[in-house]
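Read-outs: derived from the displayed coordinates by stated rules, not from any lab. Small disclaimer: the values here were computed from a predicted structure and weren't measured. Cβ sites come from the backbone with ideal geometry, for glycine too, and all protein chains shown count toward neighbours.
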Amino acid sequence: MQEFGASEKFRACIGIFGARNAGKSSLFNALSAQKAALVSDTPGTTTDPVKKTMEILPLGPITLIDTPGIDDEGELGRERVRRAEEMQKRCDAAILCLAGKREAGEAEEQLFRALAAKGIPLLAVITKAEALTEKERAESVAYVSGLLTRCGAKVKEIILCSAVSGEGIEEVKTAIGMLPRKAEKKPLLMDLVAPGDTVVLVCPQDESAPRGRLILPQQMAVRELLDGGAFPFLCQPEGLPALLSALREPPTLIITDSQAFAEVAACIPAEQPLSSFSMLLARQSGVLEEALIGAAAIWKLRDGDAVLISEGCTHKRQCKDIGTVKLPKLLEKAAEKKLRFYFSSGHEFPEDMREKEIRLVVHCGACMLGDTELLSRFQESRNADIPITNYGVALAAMQGILPRAAVPLLKEKRSRD
């Protein structure tokens, strides 16, 4: 099975930012103890972000990201800068790199101000310390301290380091390890059920399902229920009636893949609590309420309006793909309008939504994205005055069962006698 740690939802994302030739890639390689990033004196060597997953205690699992220089130039350089800026939206913390004996340029100051405005933890590192005299070291620390103060960036310490001699590398690792942990995540569903409860998970295994494993939200639900002392029962939609007949009592909750909402709802009593994996993820990430509000925009769409359908992962599209095939058809049927569709996947999310006149964003459950990145996407949609919802909420709304699917997620945890 795919491990939870493969998803950025379970790792702190830490980006290394700075100008070209600031020593970012050398620091990245030293911290990861591998030559994962190319290093050269030629400016602009790092053309794409480079990622390395590792564990630094006591913080835990992290994704370390080496980014292109923020001051790159030319047509290709501007694209590299854009990619570096995109990384800011994903990061839970940032390492600010400045080479010794070098003053920051305007691009770096703007970068430091932007990262400071995000309110994420920041570390400041002065690189290439092996080339500095004692006087230059003191002057560099004083300069960087003043620069960060001017940019509104608060850091606990400024570390001098050298990827050549190894000086300061362990100090940087220690500082990373002492960064605040990601906020304790809200449970996926163990605050909705109690130990000893039965929960049925409906997991379709059609051509779009990965071979040999469950998808991540299903894995997450099973593991959390087991850890919490509840009893998960799994079945495919066609096996649900037989499973319910075999149970002594109705399950406390049924969770289904969003695509099977209508099929599942049709074969269970109206009073049976029902929801979806996608809606559970939205609730856990803190965007369920906004997604519920955003779904109402489906019936306000007009002929020719544009809809963005965004997925956090990349996979080979199937003939019945939910994002590119099923959702567009269902949206046009529900709105009774002819619509235009844009699609994004992975870490790509369009910055020109207003220019494209997008009227609604429908996002996946985002099991493969960190909450920082997902919340950034909701904020960008909010800033552009564009309603945003997610797959599960939209599908429940279009099938007329949204109130029923939302109610179980809004209740307090039940106690079991």
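Figures for the structure shown
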read-out: Residue order, fewest to most surrounding Cβ atoms within 10 angstrom, among 369, 132; value: 132, 369
read-out: Over 18 Å [Cα-Cα, segment 77-151], rounded percent; value: 43
read-out: Calculated SAXS-style log₁₀ I(q)/I(0) at q = 0.16, 0.17, 0.19 Å⁻¹ - segment 201-281, Debye, Cα scatterers; value: -0.59, -0.67, -0.85
read-out: Inter-part distance where segment 282-308 and segment 45-124 are each reduced to a Cα centre, Å; value: 32
read-out: The chain: radius of gyration over Cα atoms, expressed as a fraction of 2.2 N^0.38 Å; value: 1.11
read-out: Computed [θ] at 222 nm, deg cm²/dmol, the chain (DSSP H ≥ 4; -39,500 (n - 2.57); rounded to nearest 500); value: -10000 deg cm²/dmol
read-out: Charge dipole (debye, nearest 20) of the chain; +1 at Cβ of Lys and Arg, -1 at Cβ of Asp and Glu; value: 500
read-out: Percent of C-alpha pairs per 10 Å bin, segment 124-185, short to long; value: 20, 44, 29, 6, 1
read-out: ³J(HN,Hα), Karplus 6.51/-1.76/1.60, whole Hz, each residue of segment 162-167, x for Gly, Pro; value: 9, 6, 6, 8, x, 4
read-out: The chain: antiparallel DSSP beta bridges as a percent of all, rounded to 5; value: 15
read-out: Relative contact order (%) - criterion: Cα under 8 Å, at least six apart; region: the chain; value: 15
read-out: Options 95, 314, 61, ranked by Cα towards positive dipole end of the chain, top entry (Cβ charges); value: 314
read-out: For the chain, with +1 on Lys and Arg beta carbons and -1 on Asp and Glu, the positive-most of 180, 119, 410 along the dipole; value: 410
read-out: Using alpha-carbon coordinates, inclination of helix 371-383 to the longest axis of the chain, degrees; value: 80
read-out: Inter-probe distance in nm under a simple model that places probes 7 Å from Cα toward Cβ, at residue 185 and residue 314; value: 2.3
read-out: Between helix 106-118 and the chain: long-axis angle, C-alpha atoms, 0 to 90°, nearest 10; value: 40
read-out: For segment 145-277, the Rg and Dmax computed from alpha carbons only, in angstrom; value: 23.9, 70
read-out: Order of 164, 222, 362 - criterion: other Cβ atoms within 10 Å of each residue's Cβ, fewest first; value: 164, 222, 362
read-out: Relative contact order (%) - criterion: Cα under 8 Å, at least six apart; region: segment 284-398; value: 39
read-out: Only Lys, Arg (+1) and Asp, Glu (-1) charged, at Cβ; segment 284-398 dipole about Cα centre in debye; value: 600
read-out: Assigned charges on the beta-carbon of Lys, Arg, Asp, Glu; segment 124-217 dipole about Cα centre (debye); value: 200
read-out: Full-stretch length increase - residue 266, residue 134 - with 0.36 nm per residue and alpha-carbon distance subtracted; value: 39.9 nm
read-out: Lys/Arg +1, Asp/Glu -1 at C-beta; the chain dipole; positive extreme among 25, 268, 292; value: 268
read-out: Neighbour-limited loop hits for GluC sites (Glu not before Pro), segment 129-200 (at most 10 other Cβ within 10 Å; DSSP other than H, G, I, E, B); value: 184
read-out: Mean projection area, nm², convex hull over Cα of segment 266-417; value: 10.3
read-out: Cα gyration tensor shape of segment 237-297, rounded if a/c is under 1.5, else prolate or oblate by comparing a/b with b/c; value: prolate
read-out: Those trypsin sites (Lys or Arg not before Pro) in segment 103-182 that DSSP places in a loop and that have at most 12 other beta carbons within 10 Å; value: 154, 181
read-out: Amide H contacts of residue 234 (H built 1.01 Å from N, under 5 Å, at least 5 apart or other chain); value: 201
read-out: Cα-based shape type of segment 4-177, given that a ≥ b ≥ c are square roots of the gyration tensor eigenvalues and the cut on a/c is 1.5; value: rounded
read-out: Qualifying GluC sites (Glu not before Pro) in segment 219-326, DSSP loop, other Cβ atoms within 10 Å at most 14; value: 271
